[in-house]
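Working notes for the structure below.
Every number here is computed from the coordinates shown, using simple stated rules; none is lab data. In this text, all values refer to a predicted model and were calculated from it rather than measured experimentally. Note that each Cβ is placed from the backbone with ideal geometry, even for glycine, and that neighbours are counted across all protein chains shown.
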Amino acid sequence: MDRHLNQVTFVVVDLETTGGAPYGGSEITEFGAVKIRGGEVLGQYSTFVNPLSPIPIFITELTGITDEMLVDAPLIHEVLPQFFDWCGPESETVLIAHNAPFDISFLKAAALKLEQKWPAYIILDTVKIARCAIDRDEILNYKLSTLSQFFQTEVQPTHRALDDAQTTVEVFHRLLERLGTTTKTLGELHGLKRGK
């Protein structure tokens, strides 16, 4: 936790799913992730996942992902171990997501279903960080699309995993700029409280 933020490897992840219930039948359909350290992109990870169930129409309308796009995609039992390997060891890697409880709950549910040990990653949520860095009277809400407009990010969120992960990277970096010299270490960032 005392590591300087420039020395931490962050993996910014976004998932698309068939619904909102990770333990109630909804499945992951797409992974998108960007690995960063010291403000530089180290790599990207992107794959469809075949959920072995039809995608609801409203999800297709939201994401543009169709059943046909997923027919030949790998299954989650192939993707999840590969993704964890790509992320790196839990002692070095910190996971970041926008509205992290959603994405992390799907990853944990998949690990549980596959009887795979959950790596004890430190988790950061850019929603929480944004609430600490941006006063409520400056912004309408803390949705990714709103933050993207607020910071005028190069990549726009599209409800597709890699695009949204790339947008989150830009938002994360801009939030760190706003926090400035008061937040230099992982411990300080992890322990942020609203109003500080």
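Counting other Cβ atoms within 10 Å of each Cβ, which trypsin sites (Lys or Arg not before Pro) in segment 78-117 have at most 12 and sit in a DSSP loop?
Details: sites: Lys108, Lys113, Lys117; in loops: Lys117.
Here the trypsin sites (Lys or Arg not before Pro) that fit, given the DSSP loop and packing criteria, are Lys117.
In degrees, nearest 10, range 0 to 90: what is the angle between the Cα axis of helix 161-179 and the longest Cα principal axis of the chain?
10
Just going by the charge dipole of the chain, with Lys and Arg at +1 and Asp and Glu at -1 on Cβ, which of Ala133, Leu112, Leu147 is farthest out on the positive end?
Final value for the positive-end residue is Ala133.
Just one of (1) 134; (2) 174; (3) 118 is volume of the Cα convex hull per residue in Å³ as worked out from the coordinates here. Which one is it?
This structure yields the entry labelled (3).
Among the GluC sites (Glu not before Pro) within segment 99-162, which fall in a DSSP loop and have no more than 14 other Cβ atoms within 10 Å of their own Cβ? It would help to have the intermediate numbers written out before the result.
Values: sites: Glu115, Glu138, Glu154; in loops: Glu115, Glu154.
For GluC sites (Glu not before Pro) across segment 99-162 that sit outside H, G, I, E and B with at most 14 neighbouring Cβ atoms in 10 Å, the list reads Glu115, Glu154.
What number, rounded to the nearest 500 deg cm²/dmol, is the helix-based mean residue ellipticity at 222 nm of the chain, given -39500 (n - 2.57) per DSSP H run of at least four residues and division by all its residues? Walk me through the intermediate numbers first.
Values: 8 runs with 77 residues, N = 196.
That calculation yields -11500 deg cm²/dmol at 222 nm.
Just report the Cα centroid separation between segment 1-78 and segment 133-150, whole Å.
Going from one Cα centre to the other spans 23 Å.
With +1 on the Cβ of every Lys and Arg and -1 on the Cβ of every Asp and Glu, and nothing else charged, how large is the dipole of segment 5-190 about its Cα centre, in debye rounded to the nearest 20?
My answer is approximately 600 debye.
List Leu52, Leu80, Leu147 from most exposed to least, where exposure is judged by having the fewest other Cβ atoms within 10 Å.
With the fewest neighbours first, Leu52, Leu80, Leu147 line up as Leu52, Leu80, Leu147.
When only Cα pairs under 8 Å and 6 or more residues apart are kept, what is the percent relative contact order across segment 20-177?
24
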